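Working notes, structure below.
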Amino acid sequence: MRSTLVEQLQRSALRFGPRIALETESGRLTYAELHERCSRCARVLTALGLRPSERVTIYGPNGLDWVVSYQGALLSGAIVNPINVLLTAEEVSFIVRDCGSRVVIGSREKLEPLRALTSDGTLKSLVCFGNDSPAGMVSLGDLLASADMRPMEAALDPAAAATICYTSGTTGQPKGAVQSHSNLLMNALLTALMHGRCATDIVVSALPLPHVYGTVVMNSTLLSGGTLVLHARFEERAILASIAAHRATILEGVPTMYYYLLNCAPLSNYELSTLRLCTVGGQTMPVAAMERVEQEFGCPLIELWGMTELAGLGTTFVYNGPRRLGSIGVPLPYCQAKVVDLTDASKTLPAGETGELMLHGPVVMQGYYRREQETREAIEPDGWLHTGDIARIDSDGFIYIVDRKKDLIVTGGYKVYPAEIERALAAHPAVAMVAVAGVADAAKGEVPKAYVVLRSGVAAESEDLVRFCRGHLAPYKVPRSVQFVTELPTTSTGKVMRRRLKELELTAFAAVPDGSRPQTPPSRSRSPS
């Protein structure tokens, strides 16, 4: 496809000019206003001395300035490096140096610790969101106000690098996945197609924009002429009120968000009837919990699956087609999926067998920035991407994620997938959220342990949950212990971090004397980025 995101945004501005494109707590922009502001941002970056293909890092919370900085940087010909706002200055410094970023745009509090990067010559400029102009930084608001108002025309090569998005670095230093303009556009267009997005859609999202899930929600909505109602952070009641106030048609989220929304009783206090669908991704979600979401929200819950290395989605369901709860759907159009042997990727497995999921198609990244060996390990010579997810494909072509390859628990020689135990426990009426991890065991090497958050106002004993599992799982899969917690450690998107479960201390989340778990804490505000 000989086009780019910024060219499509220009077309959306011409077609949907006065329609609201973006709404946040701090303001709103029409399509015409958004395109004008992005053009000004592109001219600002050029005036700062940024050359085409140089990198621009965005390091701040969801908001108008984030969207304008992202789209404006792409329009200028720069390569965008979006960064999780929860990263420390040390982590950001590594990424900035690794990708060779020349400008960082973000919130003042995030930029303050990065001043040393300008004094040592690593960065040309620190550009601060808003109109504040602290010493050593320039204000994005002031720069936009003084910028040339003429629309800036894009002349970008669709095959050229557009973004460098860093992985979480759970197995070492984070790696920068390089995505082309074509990768970004194809994922946004195919996502919009699969979910039937159109100009009448009003999308509510608190997903962090630096994450590819949040990015593809933004891009697919703007390509379709819809309105993106963007929240700076996830807070249950604010999201429910936003759906009602804006008469939203789509809600986007991860499983943890839906668990908290379901626990925000009573949902009947909120008008949710305008929703035509909800989407969920980022982590597997038990079928029992998905059924409850559909019942409470009165619309289909469409599961999706994606990766940083895919610029967004890799699989999902067609909005008006057949669905199977518990499946991540089918590959996006023009993409292919297969399951291969865990020890020999050249062996494609038949339907129903479990192995590593691989994907091929126009959304696969170009590679990891300046990491040729890791790129060769991730992408086969014929273009197939190793996902690291263990999955199976049924006879109808629907894909089911079993677990992450690295999360596999081996207990007494048996292979146990945490997600399988989580799905079983989630069906218990007292369980709001659950995560499972392996813990060391002298006899078996490791055994599964469950960390459980109970539903508000409900009490249960650990023995009850272990007994429940015995009725649904093989003996070696039953968790040897259950620890009640008030919340689970999550990433910025709400994805449970299993590697941090072992850090939870029993003394920090002590059960009440009768063995039941304390009341669920009140609604919590969570930064989404």
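The values are calculated or read from the model by the stated rules, or taken from the named source; none is laboratory data. Everything quoted here is computed from the prediction, not taken from an experiment. Note that we place each Cβ from the backbone using ideal geometry, even for glycine, and neighbour counts take in every protein chain shown.
Considering (1) out of contact with any Asp or Glu (no Cβ under 9 Å at 6 or more places or on another chain); (2) within 30 Å of residue 123 (Cα to Cα), say which one residue 39 fails and leave the rest.
(1)
Inside the range 116-155, can you point out the residues that are assigned to a loop (DSSP other than H, G, I, E, B), surrounded by 13 or more Cβ atoms within 10 Å (Cβ to Cβ) and among the polar types (S, T, N, Q)?
The answer is 122, 133.
Answer yes or no: is there a residue in the range 180-201 that is in the same structural domain as residue 374 (by TED's automatic domain parsing), closer than 29 Å to residue 90 by Cα and assigned to a strand (DSSP E or B).
Yes - at least one qualifying residue is present in the range 180-201.
Within the range 350-376, which residues are farther than 21 Å from residue 212 by Cα and either touching a Phe, Trp or Tyr at 6+ places or on another chain (Cβ under 8 Å) or in contact (Cβ under 8 Å) with a residue 12 or more places away in the chain (or both)?
351, 352, 353, 354, 355, 356
Please verify whether residue 349 is within 25 Å of the chain's Cα centre (by Cα) and modelled with pLDDT of 95 or more, treating the condition exactly as stated.
Here the answer is no, as residue 349 does not meet what is asked.
Within the range 288-301, can one find any residue that is of a type in the set (S, T, N, Q) and either outside the structural domain of residue 330 (by TED's automatic domain parsing) or touching a Lys or Arg at 6+ places or on another chain (Cβ under 8 Å) (or both)?
no
Got at least one residue in the range 290-300 being more than 22 Å from the chain's Cα centre (by Cα), assigned to a helix (DSSP H, G or I) and polar (S, T, N, Q)?
The answer is yes; a qualifying residue exists.
Without any contact (Cβ under 8 Å) to a residue 24 or more places away in the chain, assigned by TED's automatic domain parsing to the domain that holds residue 67 and hydroxyl-bearing (Ser, Thr, Tyr): which single residue out of 30, 46 fits that description?
30
Looking at (1) in a loop (DSSP other than H, G, I, E, B); (2) closer than 26 Å to residue 332 by Cα; (3) more than 16 Å from the chain's Cα centre (by Cα); (4) of a type outside the set (Val, Ile, Thr), which is the one condition that is false for residue 273?
Going through (1) in a loop (DSSP other than H, G, I, E, B); (2) closer than 26 Å to residue 332 by Cα; (3) more than 16 Å from the chain's Cα centre (by Cα); (4) of a type outside the set (Val, Ile, Thr) one by one, residue 273 breaks only (2).
Which residue, of 316, 308, is in contact with a Cys (Cβ under 7 Å, 6 or more places away or on another chain), in contact (Cβ under 8 Å) with a residue 40 or more places away in the chain, surrounded by 16 or more Cβ atoms within 10 Å (Cβ to Cβ) and of a type in the set (Val, Ile, Thr)?
The unique qualifying residue is 308.
Mind checking which strands (runs of 3 or more DSSP E) fall wholly inside the range 370-436 and carry at least 1 residues that are polar (S, T, N, Q)?
Counting at least 1 such residues, we get 385-393, 409-411.
Output the residues belonging to the range 386-443 that are among the aromatic types (Phe, Trp, Tyr) and under 21 Å from the mean Cα position of the chain (by Cα).
Once the filter is applied, which keeps residues that are among the aromatic types (Phe, Trp, Tyr) and under 21 Å from the mean Cα position of the chain (by Cα), the range 386-443 yields only 400.
With respect to the numbered conditions (1) buried (at least 19 other Cβ atoms within 10 Å of the Cβ); (2) modelled with pLDDT of 70 or more; (3) within 19 Å of residue 454 (Cβ to Cβ); (4) in contact with a strand residue (DSSP E or B) (Cβ under 8 Å, 6 or more places away or on another chain), which one is the sole condition not fulfilled by residue 487?
Answer for residue 487: the failing condition is (1).
Among residues belonging to the range 491-501 that are crowded, with 19+ Cβ neighbours inside 10 Å and either farther than 15 Å from residue 207 by Cα or in contact with a strand residue (DSSP E or B) (Cβ under 8 Å, 6 or more places away or on another chain) (or both), point out the one that is modelled with the lowest pLDDT.
494
Taking the stated definitions as given, is residue 352 over 25 Å from residue 158 (Cβ atoms) and in the same structural domain as residue 187 (by TED's automatic domain parsing)?
When the stated conditions are applied, residue 352 passes them.
Report, by residue number, each residue of the range 451-486 that is part of a strand (DSSP E or B) and either assigned by TED's automatic domain parsing to the domain that holds residue 288 or closer than 18 Å to residue 287 by Cα (or both).
Listed by number, the residues that qualify are 452, 453, 454.
Looking at 95, 58, which one is touching a Pro at 6+ places or on another chain (Cβ under 8 Å), part of a helix (DSSP H, G or I), under 22 Å from residue 161 (Cα atoms) and not basic (Lys, Arg)?
Just one listed residue meets the conditions, 95.
Of everything in the range 377-392, what is in contact (Cβ under 8 Å) with a residue 24 or more places away in the chain and of a type in the set (Val, Ile, Thr)? Give them in sequence order.
If the condition is that a residue be in contact (Cβ under 8 Å) with a residue 24 or more places away in the chain and of a type in the set (Val, Ile, Thr), then 387, 390 are the ones that fit.
Name the residue, out of 330, 339, 318, that is modelled with pLDDT of 95 or more, in the same structural domain as residue 217 (by TED's automatic domain parsing), farther than 21 Å from residue 407 by Cβ and assigned to a strand (DSSP E or B).
330
With (1) over 20 Å from residue 145 (Cα atoms); (2) touching a Phe, Trp or Tyr at 6+ places or on another chain (Cβ under 6 Å) as the list, and residue 31 as the residue in question, which single condition is left unmet?
Unmet for residue 31, out of (1) over 20 Å from residue 145 (Cα atoms); (2) touching a Phe, Trp or Tyr at 6+ places or on another chain (Cβ under 6 Å): (1).
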